[in-house]
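Trainee: Structure provided below as structure tokens; questions to follow.
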Amino acid sequence: MCGLLALVGGVAGAITQHTVDAVVEASNLMRHRGPDEPGLWADDHTVLGFSRLSIIDIAQSHQPLCWGPPGAPNRFVMVFNGEIYNYLELRAELAETHGATFTTDGDGEAVVAACHYWGTEALIRMRGMFAFAIWDTERRELFCARDPFGIKPLFMATGPGGSVVGSEEKCLINLSAVLGLDTAIDPRALQHYTVLQYVPEPETMHRGVRRLESGCSAMIRPGCLPEVSRYFRPRFSAVPFRRGSEQARYDEITAALEDSVAKHMRADVAVGAFLSGGIDSTAIAALAIRHNPRLITFTAGFELEGFSEVDVAVSSAQAIGARHVTKMVSPSEFVAALPEIVWYLDEPVADPALVPLFFVAREARKHVKVVLSGEGADELFGGYPIYREPLSLRGFDYLPSRVRKLLGQASNWLPTGMRGKGLLHRGSMTLEERNYGNARNFSDEQLRDLLPNFNPAWTHRDVTAAVYAQSQGWDPVARMQHLDLLTWLRGDILVKADKMTMANSLELRVPFLDPEVFAVAARLPHEQKITRSTTKYALRRALEPIVPPHVLNRAKLGFPVPISHWLRGGELMEWAYTMSVTSAAGHLINLRGVRAMLDEHRLGGVDHSRRLWTALIFLLWYAIFVEHSVLPNISEPRYPVQP
């Protein structure tokens, strides 16, 4: 688990010492991702920088890693961020079928060899999380790829001086003078962020920087633009349950999860688990302790009633026999950590849950180097309450479109708050019109008030239309899952998971996001995911022998955060007013409007907390990365190497 940076020169000529020095300086900005060992490799056309967090084969798997087939032992040079959990099986197959030889015991050589012998087919044969760049010294081309679900990040940028890919956007921005990158704020990305809480892939907040999307690869040659290809297209293809086959299908889910957790436990260091009060993380921990009886679990909470799952997590840890560690976050800690957290994020993400995640990761890193977590279960098995909406709107599907439109118009005349108004409004729209993921912070009218450069032509359809086009003919629940898989999961959930753990030099692994688990989940019919009374129905049935009864049918809170309460008084409210007064981003955000929302929220008549948090996190991001008026105190990573 590491941070990588790879620069390929442009048309101007060979790599200079100045370019090498710039890559070293930029790589140092992500030393938290790999404090154990820096690395550098360069030739006349490329520079590879690396920061390593040693997990497997600690003594030998140094990077940049050189490997080659017989006769060309150093043809390929790779920088690799991630873990391949089936690397032992891949190495054995490569040795048997192609005579591949390896000089280390790690997973890195398996990646290079697989890509050499199998090409892009290797990418769908790897079970794991990855972002890597492989330089071919003979063909002078850089092959990059990112895992199917987007667990590990990879940013890309191209300018007159060449192209660069890296694990963190700040490193690319640091090379903007060398490469001539366009670092201006992208107003469309800002508008998308305001609506969605995150900047959707492949956009970033900078016009000249983009993400390599999940499930994609890219080929970069000196002086050329990157050539991007998609190798993975997730499909939910329901296979109905035959009468009497229910338990066999539930057993199939259990077996896939057991196998995935077993492989995710492969490490030469201690492995722990995050534990909330929900079924997903509890299932992962319960399976993990079978492989490590000394498992330590971790959770975070707040000393405010209704905003902590600590008691449930403690009960779950006791039930499965794990040692448990709790971190309680105070309001003062919360406010003080915000600049550091946003610096680690690179991009604004307006999900308050990332703050307690940062603190629980910091606590976990005192004990372990790797943690397992339950991300991805909701998207794969149907866990979000919004997935039940098609059940409540089913009657509208039988109405002619003209009648549905009339009902929508009628809903506009009903008083705000009147029972049935929202149902009529949403029932009048198609799925593509009404659903675009888990966040809807602002109406168009509110957006116009907040964004001086609001453009009505930039809508959620910019993000969702292409995704919905891929799921035509699927049932509506599957279409919603598919959309979340390619938007919310990779734009919010996995970003905060990667950034907040890597900020603390901690590797996070997500066993639900395994190709074999996805294959089982993708075959579930909608009635095995959503019922009128529950979500993740089949998963809950499959986990009955594994998860303690007090958790099995409990709704998950995750890491709930009391920002609505704190924005009405105390340090967070004071910080919010200060940000809205001192910010230099008034040309992008209506600061007077932010203060007006704060006033209304403070008086208690309206809950603006999510809208306020979205605006405030952007203002803080702008102060750090554009104004440079806020200088986070980023400490040097100093952690003992875990046994």
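Trainee: Hey, if we sort His628, His45, His98 by accessible area with the 1.4 Å probe, largest down, what's the order?
Mentor: The residues order as His628, His98, His45, largest area first.
Trainee: Sticking with this one: Could you order Cys66, Cys171 so the one with the most accessible surface comes first? Probe is 1.4 Å.
Mentor: Cys66, Cys171
Trainee: Counting alpha carbon pairs within less than 8 Å and at least 6 residues apart, what relative contact order, in whole percent, applies to segment 117-206?
Mentor: Once divided by the residue count of segment 117-206, the mean separation gives 16 percent.
Trainee: Of (i) 61.3; (ii) 28.6; (iii) 42.2, which one was derived for mean projected area of the Cα convex hull in nm² from the structure shown?
Mentor: Label (ii) holds the value from this structure.
Trainee: Can you show me the helix-derived [θ] at 222 nm for the chain, built from DSSP H runs with n ≥ 4 at -39,500 (n - 2.57) apiece and divided by the number of residues, rounded to the nearest 500.
Mentor: Taken over the chain, the calculation gives -11000 deg cm²/dmol.
Trainee: For Thr582, what accessible area in Å² do you get when you roll a 1.4 Å probe over the heavy atoms of the protein chains, rounding to the nearest 10?
Mentor: Only protein atoms counted, so the area is about 90 Å².
Trainee: What is the magnitude of the charge dipole of segment 93-236 about its Cα centre, with +1 placed on the Cβ of each Lys and Arg, -1 on the Cβ of each Asp and Glu, and no other charges, expressed in debye to the nearest 20?
Mentor: Its charge dipole is roughly 500 debye.
Trainee: Given a 1.4 Å probe and every protein chain left where it sits, what share in percent of the accessible area of segment 231-364 is carbon and sulfur?
Mentor: 49 percent
Trainee: Accessible area, 1.4 Å probe, largest first: how do Trp413, Trp488 sort?
Mentor: Ranking Trp413, Trp488 by accessible area, largest first, yields Trp413, Trp488.
Trainee: What accessible area per residue comes out for segment 188-345, rounded to a whole number of Å², with a 1.4 Å probe?
Mentor: About 39 Å² of surface per residue is accessible.
Trainee: Let me ask something else. What lysines could a cross-link reach from Lys170, if we take a straight Cα to Cα line under 25 Å and drop same-chain neighbours fewer than 8 places away?
Mentor: Filter leaves Lys152, Lys369, Lys496, Lys499.
Trainee: How big is the charge dipole of segment 136-180 about its Cα centre, in debye rounded to the nearest 20, if each Lys and Arg gets +1 on its Cβ and each Asp and Glu gets -1 on its Cβ?
Mentor: 60 debye
Trainee: Give me the net charge of Thr19's neighbourhood, meaning all other residues with Cβ under 15 Å from the Cβ of Thr19; Lys, Arg count +1, Asp, Glu -1.
Mentor: -4
Trainee: Right, something else. Share of segment 491-643's accessible area from carbon and sulfur, percent, 1.4 Å?
Mentor: C and S fraction of accessible area: 53 percent.
The values are calculated or read from the model by the stated rules, or taken from the named source; none is laboratory data. Computed from a predicted structure; not experimentally measured. Cβ coordinates were reconstructed from backbone atoms using ideal geometry, including for glycine residues, and neighbour counts include every protein chain displayed. When the accessible area is computed, the model is the full protein with side chains, heavy atoms only, and any ligands, DNA or RNA have been set aside. Shrake-Rupley method; radii C 1.70, N 1.55, O 1.52, S 1.80 Å.
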